[in-house]
1. Phe16 - would you say it is surrounded by 13 or more Cβ atoms within 10 Å (Cβ to Cβ) and either modelled with pLDDT under 95 or assigned to a helix (DSSP H, G or I) (or both)?
2. How many residues are modelled with pLDDT of 95 or more and over 18 Å from Ser72 (Cβ atoms) when one looks only at region 25-50?
Amino acid sequence: MKLLSITMALLLITLFSYAQKPEIYAPSGIAVNGYDVVSFFTEAKPVKGSETFSFYWKETTWLFSTQQHLDSFKRSPEKYEPAYGGYCSYGASRGYKASSQADTWVILSDKLYFNYNQKVKEIWNKNRAAYIDSANVKWPVVKKS
């Protein structure tokens with residue numbers, strides 16, 4: 001009986017750890033689908049990064065399109081890190097992590113936000129201040145899930 005209890009506990013711990021998503025949206029271990037997060041600020045558009053200019057931060061590999069962007073990120077990663085780890089901002093406001101797409105980006109008050117798709121972004125845009133407030137409250141718990 002004791003062995004069964006220990007086995008069940010280990011199984012539950014294993015399942016729980018696999019169910020958790022990382023804090024940073026990083027399909028295949030690359031942050032934000034490989035987009036250079038600095039480019040959103042400097043070029044006002046999504047630009048794919050290169051493995052030539054990569055940096056490991058928050059247990060995730062970040063790619064950049066230029067050495068200058070890499071250096072900027074290294075100096076101040078929090079400045080360029082997307083809100084809610086690059087997950088969908090609307091999803092974070094609702095208390096869960098959802099994937100995001102680069103073409104949904106927007107910078108508000110010097111912070112980069114993404115959403116699941118354009119339709120979700122339209123919903124989020126209708127009351128984004130409230131959604132951001134909600135996500136800011138929920139994110140400390142959500143990011144650990």
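The values are calculated or read from the model by the stated rules, or taken from the named source; none is laboratory data. Small disclaimer: the values here were computed from a predicted structure and weren't measured. So basically every Cβ, Gly included, is an ideal-geometry build from the backbone, and we count neighbours across all protein chains shown.
1. Details: surrounded by 13 or more Cβ atoms within 10 Å (Cβ to Cβ): no; either modelled with pLDDT under 95 or assigned to a helix (DSSP H, G or I) (or both): yes.
Answer is no for this residue.
2. Final tally of qualifying residues: 4.
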